[in-house]
Amino acid sequence: MANKEQVFDKVKEIIVDQLGVDEEEVTSEASFIDDLGADSLDIVELIMALEEEFGLEIPDDEAEKISTVHDAVEYIRENA
Amino acid sequence: MITRAVVAGLGTYVPEAVLTNQDLEKIVETSDEWIVTRTGIRERHIAGNDETTSSMATEASRRALRDAKITAEDLDFIVCATNTPDTIFPSTAARVQHQLTEKPIPGFDLQAGCTGLIYGMETASALIKSGKYRNILVIGADKLTSITDYEDRTTAVLFGDAAGAFVLQANDNTEFGILSSYLQADGRGGDLLIQPGGGSLMPASKESVETRQHYLKMNGNETFRFAVKALPEAVEEGLKRAGLEVGDMDLLVPHQANLRIIDAAVRRFELSPERVVINIDRYGNTSVATIPLALQEARMEGRLHDGDVVVLCAFGAGLTWGSNVIRWGR
């Protein structure tokens with residue numbers, strides 16, 4: 001898979017689009033719920049958008065562990 | 001000569017009593033803000049103790065018959081989509097027939113979750129196209145509050161009661177009517193949305209009642225995920241079967257289960273607000289009745305014109321999903 005920066009940039013783009021937040025808010029440590037104002041349904045949609053973009057399927061139990069931008073980037077780098 | 005099923009009449013019934021989000025705050029641990037942001041629902045109508053699925057269905061049917069300017073005796077078939085029949089048997093269709101007229105009319109109940117209305121329209125359309133039937137009543141009626149668990153904060157806020165009915169009529173030479181349908185079901189997701197008790201798998205027992213198995217259970221996040229995918233797929237596939245595209249669609253009438261699901265489809269298709277009907281804020285999820293309710297509202301507001309391409313689309317327990325594509329007019 002592509003390098004970390006490329007994955008991060010793409011993930012950031014999707015988060016900005018899905019959650020309607022500013023780019024600067026999407027730091028690696030940002031938590032979807034606590035920092036980016038997402039609720040559980042936002043996260044479902046976000047996971048679906050990531051799946052579509054990176055051509056992978058994220059099982060429920062794995063999706064539950066993804067709570068920060070960093071978690072999402074790492075999961076994609078390891079699995080895509 | 002093409003025989004098509006045209007919508008000759010439409011009627012709806014909504015019970016009088018209203019349950020607001022503020023009312024629910026007193027029953028379960030929830031808040032108006034939580035409900036509105038996650039579902040778009042502000043209030044729903046609740047059937048009285050003296051009202052049943054068949055009584056609501058009968059009233060909606062009377063109104064549809066008046067709209068079609070025919071009488072119950074003119075009907076030659078009744079398809080009743082419901083998930084909360086008055087009794088498992090006899091059918092709600094037979095009860096409605098009995099409440100409408102002395103004359104026997106064949107009919108049956110159809111259970112396909114919230115997609116039942118879509119299934120009913122396709123079934124009736126096929127019966128009409130067979131040439132054997134000319135006037136069919138298609139009902140969508142549910143008293144979901146009869147299986148709603150008001151101790152479960154995740155589902156208690158979602159549901160309301162209502163009924164709708166279409167009179168579908170054979171027309172032998174018309175551009176109007178049901179152009180195509182798309183039906184789908186996949187039992188793999190059956191447990192996501194289920195009433196576990198009361199069937200042959202788990203007959204009613206003291207234990208099944210005590211453990212609340214006769215109430216509707218839903219895995220909200222997974223059902224949401226399914227619906228966000230199913231709605232656009234059903235719209236696109238239904239249109240494709242009519243030789244049309246999303247750009248040809250004048251009005252989308254989606255099942256009103258959650259505003260967030262509709263919003264996702266609106267974003268995906270880049271629909272302007274006048275091309276989609278939304279009334280979930282005032283009725284909640286009334287299952288198979290949401291589409292007749294929404295369509296009737298659009299019609300009353302003058303949003304339906306002869307020749308318009310109207311897409312009815314739903315998703316629900318089964319899992320099931322599907323759509324009907326109609327060229328509006330009779």
Top mean-square fluctuation among B:102, B:59, B:245, Gaussian network model of chain B, C-alpha springs under 10 Å?
B:102
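Taking the solvent-accessible surface of protein heavy atoms with a 1.4 Å probe, what is the per residue accessible area of the stretch B:184-236 in Å²?
Here the per-residue accessible area is 57 Å².
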Taking all protein chains in place and a 1.4 Å probe, what share, in percent, of the accessible surface of the protein assembly as shown do carbon and sulfur account for?
47 percent
Rank B:77, B:89, B:224 by mean-square fluctuation in a GNM of chain B with C-alpha springs under 10 angstrom and give only the top-ranked residue.
B:89
Between A and B, buried accessible area summed over both sides at probe 1.4 Å, in Å² to the nearest 100?
1100 Å²
If each DSSP helix of 4+ residues adds -39,500 (n - 2.57) and the sum is divided by the residues in chain B, what number results at 222 nm, nearest 500 deg cm²/dmol?
-9500 deg cm²/dmol
Accessible area (Å², per residue) of the stretch A:4-79, counting only protein heavy atoms and a probe of 1.4 Å:
53 Å²
Hey, can you list the residues from the stretch B:14-42 whose accessible area shrinks by 10 Å² or more with all protein chains present, relative to the chain by itself (probe 1.4 Å, no ligands or nucleic acids)?
B:38
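Looking only at Cα atoms, what is the convex hull volume of the protein assembly as shown per residue, in Å³?
Dividing the Cα hull volume of the protein assembly as shown by its residues yields 153 Å³.
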Among B:276, B:253, B:266, which one shows the highest mean-square fluctuation when chain B is modelled as a Gaussian network with alpha-carbon springs under 10 Å?
B:266
Between beta-carbons, use under 13 Å as the cut-off and find the net charge around residue B:16, counting Lys and Arg +1, Asp and Glu -1.
-4
Mind putting a number on the dipole of the protein assembly as shown about its Cα centre? Charges go on the C-beta only, +1 for Lys and Arg and -1 for Asp and Glu, and I need it in Debye to the nearest 20.
2460 debye
Let a ≥ b ≥ c be the square roots of the eigenvalues of the Cα gyration tensor of chain B; is it rounded (a/c under 1.5), or, if not, prolate (a/b larger than b/c) or oblate?
oblate
Give, ordered by residue number, each residue of the stretch B:220-251 whose 1.4 Å probe accessible area is reduced by a minimum of 50 Å² on adding the remaining protein chains to the chain alone.
B:221, B:224, B:225
Of B:190, B:131, B:111, whose Cα points farthest to the positive end of the dipole of the stretch B:89-237 (charges on the beta-carbon: +1 Lys, Arg; -1 Asp, Glu; origin at the Cα centre)?
B:131
For the stretch B:3-64, rounded, prolate or oblate, judged on the Cα gyration tensor with a ≥ b ≥ c (square roots of eigenvalues), a/c < 1.5 rounded, else prolate if a/b > b/c?
oblate
For the stretch B:178-327, size of Cβ-based charge dipole, Lys and Arg +1, Asp and Glu -1, in debye
340 debye
Report, for chain B, the % of DSSP beta bridges that are antiparallel, rounded to 5.
70 percent
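The values are calculated or read from the model by the stated rules, or taken from the named source; none is laboratory data. Since the structure is predicted, the reported quantities are computational estimates derived from the model, not experimental observations. In this analysis, Cβ positions are derived from the backbone assuming ideal geometry, glycine residues included, and neighbour counts consider all displayed protein chains. Only protein heavy atoms, including side chains, enter the accessible area calculation; ligands, DNA and RNA are left aside. Shrake-Rupley method; radii C 1.70, N 1.55, O 1.52, S 1.80 Å.
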